[in-house]
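A.B. asks: Sending over a structure as structure tokens; questions will come in a sec.
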Amino acid sequence: MPPCEYENCDGQAHDGATLCIFHDKNYLNGNNYDKHKDEVANKLQTKLLDNKPSNFQGYCLPEISFKNYEFSQPINFNVATFYGHVDFVNTTFAKETSFMGAIFSKEAQFYEATFKEVAIFMHAIFSKEASFAWATFAEGVSFERAT
């Protein structure tokens, strides 16, 4: 399979497409959501096992839970789209974390999340409820122009 055409993506394009399953906005759109959501979630979980700095920039993700998870490396969800409910309840972000320009289409739960370094939510779009109750930000957070 050819490489994904998304800038700086090391993935492979899927089934005659030019983008990988994470960057192809149509892969989870409409009727495709139920068909592909488990595959995308499982492949993301596999990537997280690498315990390396994670670049999920531009990813299109289904409903997913990171409850009680610890991201020990820097994490980049810039311009990612979360199509389903996302659960970061009691999640620890040990290094810099960025959700700049991310789109949360459903509820986003960051209840009791711990951000040990800078957290960036600039230009993020929260389409439904977002909860940061009892979240801690050790080195600051930016919600500049988030809606």
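The values are calculated or read from the model by the stated rules, or taken from the named source; none is laboratory data. Here the structure is a predicted model, which means the values were calculated and not measured. Backbone-built Cβ (ideal geometry, glycine too); neighbour counts: all protein chains shown.
A.B. asks: So residue 68 clears everything in (1) surrounded by fewer than 19 Cβ atoms within 10 Å (Cβ to Cβ); (2) at pLDDT below 95; (3) not hydroxyl-bearing (Ser, Thr, Tyr) except one condition, right? Which one?
C.D. replies: Among (1) surrounded by fewer than 19 Cβ atoms within 10 Å (Cβ to Cβ); (2) at pLDDT below 95; (3) not hydroxyl-bearing (Ser, Thr, Tyr), the lone unmet condition for residue 68 is (2).
A.B. asks: A further question on this structure: Do the conditions hold for residue 73, that is, is it in a loop (DSSP other than H, G, I, E, B), in contact with a strand residue (DSSP E or B) (Cβ under 8 Å, 6 or more places away or on another chain) and surrounded by 20 or more Cβ atoms within 10 Å (Cβ to Cβ)?
C.D. replies: Judged against the criteria, residue 73 is not a match.
A.B. asks: Could you tell me how many of the residues in the range 8-18 are without any contact (Cβ under 8 Å) to a residue 40 or more places away in the chain and farther than 16 Å from residue 40 by Cα?
C.D. replies: Of the residues in that region, 2 qualify.
A.B. asks: While we're here: Identify all residues within the range 49-64 that are buried (at least 16 other Cβ atoms within 10 Å of the Cβ) and either among the basic types (Lys, Arg) or without any contact (Cβ under 8 Å) to a residue 24 or more places away in the chain (or both); write none if there are none.
C.D. replies: Within the range 49-64, 54, 64 qualify.
A.B. asks: Collect the residues in the range 20-35 that are crowded, with 16+ Cβ neighbours inside 10 Å and over 19 Å from residue 66 (Cα atoms), keeping them in residue-number order.
C.D. replies: Result: 20, 21, 23, 24, 27, 28.
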